[in-house]
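This report concerns only the one structure given below.
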Amino acid sequence: MAGHFEPLPGGGAAVALDEVEISILRSLAVQLLELIGPGESHGADDADPLARLFAEGPSEPPADPALARLFPDAYGDPGSEQDQRERAYASEFRRYTENDLRERKREDALGVVRSLDSLTPAGDSGAVLRLPAEDCRRWLGALNDLRLAIGTRLEVREDDDSEALFRLPDEDPRKPMVMAYLWLGGLQETLVEALMA
């Protein structure tokens, strides 16, 4: 089980993590929370669920490339210039969906932090993280978001780009980020496999 998820009887998945892995995962999830930004405050005057449903969010895509990858336009082909109609549709769609999407991504990352904080590592052997099915969904979302953000920073655009990352020399300053990107990919893949078992 070390280093990869395995299915749990009755649903969910488990993975053995050492203290360093727990620390890295927690740090990455916190950085993702910082990247996504704080949520909307829902005070007493904002208690109306219908009003929250129709609250407007941003209409322009984020300037940060990693955020733009996490919150892409709903219309037009990625990386291509949008025509005026596509830009208008994307703007309108974003206004009514981005706040909810940001909230879900925050909840996914917070779920990772909370589940890691609940672990009690036993010395050098680490701990076994057992996730019920609902927590697995949050972990899948957060792992995907982390890989998208890191992949954007590494300028990964296609599978061929990932192959080139394997051949980076150890002295390359991107190497730690590459190792995290590849490790998160392995965790994500084994979690999907565990849930499909």
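Looking at region 118-156 only, could you name the residues that are β-branched (V, I, T) and within 19 Å of L67 (Cα to Cα)?
Within region 118-156, I150, T152, V156 meet the criteria.
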For this session: Have a look at R52, R87 and point out the one that is farther than 30 Å from P121 by Cβ, at pLDDT below 90, assigned to a helix (DSSP H, G or I) and touching a helix residue (DSSP H, G or I) at 6+ places or on another chain (Cβ under 8 Å).
Result: R52
Exercise. Considering only residues of region 114-160 that are within 18 Å of the chain's Cα centre (by Cα) and part of a loop (DSSP other than H, G, I, E, B), which is modelled with the lowest pLDDT?
Worked result: R157
Seminar exercise, completed: Taking region 81-104 and keeping residues of a type outside the set (A, V, I, L, M, F, W, C) and open to solvent by 60 Å² or more (accessible area, probe 1.4 Å) leaves E81, D83, Q84, R85, R87, Y89, E92, Y96, D100, E103, R104
For this session: Report, ordered by the first and then the second residue, all pairs with beta carbons closer than 7 Å, sequence separation of six or more or different chains, a first member in region 143-158 that is farther than 23 Å from I22 by Cβ, and a second member that is outside any helix (DSSP H, G or I).
Result: L154/R174
Problem set entry | Of all residues making up region 163-173, the number that are surrounded by fewer than 18 Cβ atoms within 10 Å (Cβ to Cβ) and either in contact (Cβ under 8 Å) with a residue 12 or more places away in the chain or under 26 Å from E19 (Cβ atoms) (or both) | 3
Seminar exercise, completed: Here the residues within region 161-182 that are closer than 25 Å to A13 by Cα and under 16 Å from the mean Cα position of the chain (by Cα) are A180, Y181, L182
For this session: Please list, ordered by first then second residue, the pairs with beta carbon atoms under 6 Å, 6 or more apart or interchain, first in region 85-103 and closer than 13 Å to P72 by Cβ, second modelled with pLDDT of 85 or more and not β-branched (V, I, T).
Result: A90/D73; A90/A74; F93/A74; E98/F71
Exercise. When only residues in region 108-129 that are more than 25 Å from E34 (Cα to Cα) and among the hydrophobic types (A, V, I, L, M, F, W, C) count, which is least open to solvent (accessible area, probe 1.4 Å)?
Worked result: A127
Exercise. Does R138 satisfy the condition of being farther than 15 Å from Q31 by Cα and in contact with a helix residue (DSSP H, G or I) (Cβ under 8 Å, 6 or more places away or on another chain)?
Worked result: yes
Seminar exercise, completed: When region 4-33 is checked residue by residue, the ones that are part of a loop (DSSP other than H, G, I, E, B) and touching a Ser or Thr at 6+ places or on another chain (Cβ under 8 Å) are H4, F5, D18
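The values are calculated or read from the model by the stated rules, or taken from the named source; none is laboratory data. Here the structure is a predicted model, which is why all the values come from computation and not from measurement. No Cβ is skipped: glycine too gets one built from the backbone with ideal geometry, and neighbour counts run over all protein chains shown. Note: areas computed on protein heavy atoms with side chains; ligands, DNA, RNA excluded. Shrake-Rupley method; radii C 1.70, N 1.55, O 1.52, S 1.80 Å.
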